[in-house]
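What follows is calculated from the coordinates using simple rules that are stated; it is not laboratory data. Remember, predicted model here, so these are calculated numbers, not experimental data. Positions of Cβ are backbone-derived with ideal geometry, glycine not excepted, and every protein chain shown enters the neighbour counts.
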Amino acid sequence: MEEWIDCKIADLGTVIGGATPSTKKLEYYENGSIAWITPKDLSTFRGRYIRRGERNITELGLKSCSTQLLPKNTVLFSSRAPIGYIAIAENDLCTNQGFKSVIPNENTDPLFLYYLLKYNKNKIESMGSGTTFKEISGNTMKNIVVSVPRDKKVQEQISSMLGVIDNKIESNEKINNNLEQQAQAIFKTEFLSLKALPNGWSQASLIDIADYLNGLAMQKYRPSGDEIGIPVLKIKELRQGYCDNNSELCSPNIKNEYIIHDGDVIFSWSGSLLVDFWCGGICGLNQHLFKVTSSKYDKWFYYAWTKYYLDHFIYIATDKATTMGHIKRDELAKAEVFIPHEADYRRIGALLQPIYDLIISNRIENKSLALLRDTILPKLISGKLDTSGIVT
């Protein structure tokens, strides 16, 4: 068996905090070329290597505050609100104050460090302090004790085993992104480029082609007695694509229409507006989310049209400084759609439905792969599995 030792995170690399340039100074952000990462950027990030976030900063912005340029392979760890988002820098970048990043030293494999922090997420989070929200200080992060293989080659063997699984997950994600772009291009060609409505086609609204079922206030439907609860699908779960140990539970005996299954179309209409296929397993639909179904039209049709109007809904919610909760039904009724005649409907469906089916299939496969990874990760990172016979 390999030799494992206890050490502090500071023994594995240099712990660096981030900062935010003054948002009042445009010259710190406008036309910036330096990637600047915030925890929000990682909230929906499903890969390991991150290249950029929503915003960049300028050289002047970098020099104006204590944030530092972090080199490639730095491991980012969100240290507050929330604690535990993890990614690896694909290139030079910097972060805001919501991170305690670790620049691995020459004896530490960056990918192993990523999985090590992922494995110790709950332990690190438990060491947070603060009243308004929990935060991991730089000193706390440096002094957290972890167990690691003494030999870097063993670290690389472990990260390689886990990396094979994540490589497949990320490959499926790239395929799905490409498929989504193909679907959008087909939708644009078939529906949005029309100069006039073809003979036999008709106009309707979103509310005419699909049912938008609002979820339940799940705090009223907690598991009771000996019931084994099911996770509650809220906006957080929809954004991240899965339920986790922090997800609330509800009774499995709620009405069947509020039970969500893989492949269901879910529309978050309040707060963070989002339309997506749910592929995170069986759960209960919380309020502020629509389950979108239709007894007359196929999934490809009502998903594509609802997705098309998402940017419009976001604009309306922002413009009125309100949420979709106040305008949901009216705006759905105003959202115009084109319904093809039967032959065109079948022809377009034959193009779009297989694309969406493959997207759903890839996501379900990724869920199984992630479960496999998360099952063997603790055994590998804790040294319970012997990797001495593995060749990388």
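Which loop trypsin sites (Lys or Arg not before Pro) in segment 214-285, with loop taken from DSSP, have no more than 16 other Cβ atoms within 10 angstrom of their Cβ? Write out the running numbers ahead of the final one.
Numbers: sites: LYS220, LYS234, LYS236, ARG239, LYS255; in loops: LYS234, LYS255.
For trypsin sites (Lys or Arg not before Pro) across segment 214-285 that sit outside H, G, I, E and B with at most 16 neighbouring Cβ atoms in 10 Å, the list reads LYS255.
Of all DSSP beta bridges confined to the chain, the antiparallel ones make up roughly 85%.
When SER22, SER129 are ordered from fewest to most other Cβ atoms inside 10 Å of their Cβ, what list results?
Working: SER22 12, SER129 9.
Ranking SER22, SER129 by Cβ neighbours within 10 Å, fewest first, gives SER129, SER22.
Whole-percent P(r), the chain, all Cα pairs, 20 Å bins from 0: 23, 51, 24, 2.
Arranged from fewest to most other beta-carbon atoms within 10 Å of their beta carbon, VAL75, VAL148 become VAL148, VAL75.
When only alpha carbons are used to place a centre, segment 27-68 and segment 99-139 end up 20 Å from one another.
With 19 Å as the limit on Cα-Cα distance, the pairs of LYS118/LYS384; LYS121/LYS153; LYS100/LYS379 that go past it are LYS121/LYS153; LYS100/LYS379. For the Cα atoms of the chain, what angle does the longest principal axis make with the long axis of helix 342-381, in degrees from 0 to 90, nearest 10? Around 20 degrees separate the two axes. So for segment 273-323, Kirkwood radius off the Cα pairs, Stokes-Einstein at 10 °C and 1.306 mPa s: how many µm² s⁻¹? Calculated translational D: 125 µm²/s.
Can you give the net charge of the other residues whose Cβ lies under 11 Å from the Cβ of ILE169, counting K and R as +1 and D and E as -1? It works out to a net charge of +3. Against the chain, whose longest principal axis comes from its Cα atoms, helix 310-319 is set at around 80 degrees. Within the chain, which is the longest segment that contains none of the GluC sites (Glu not before Pro) sitting in a DSSP loop with at most 10 other Cβ atoms within 10 Å? Here the longest segment lacking exposed loop sites spans 107-392.
Once the chain from PHE133 to ASN253 is taken as fully extended at 0.36 nm per residue, the excess over their C-alpha distance is 39.7 nm.
Provide PHE99, PHE45, PHE313, PHE112 in ascending order of the number of other Cβ atoms located within 10 Å of each residue's Cβ, fewest first.
Numbers: PHE99 30, PHE45 16, PHE313 20, PHE112 26.
Result, fewest neighbours first: PHE45, PHE313, PHE112, PHE99.
What value, in deg cm²/dmol to 500, does the helix sum -39500 (n - 2.57) over DSSP H runs of n ≥ 4 give at 222 nm once divided by the residues of the chain?
Working: 12 runs with 150 residues, N = 392.
It lands at -12000 deg cm²/dmol.
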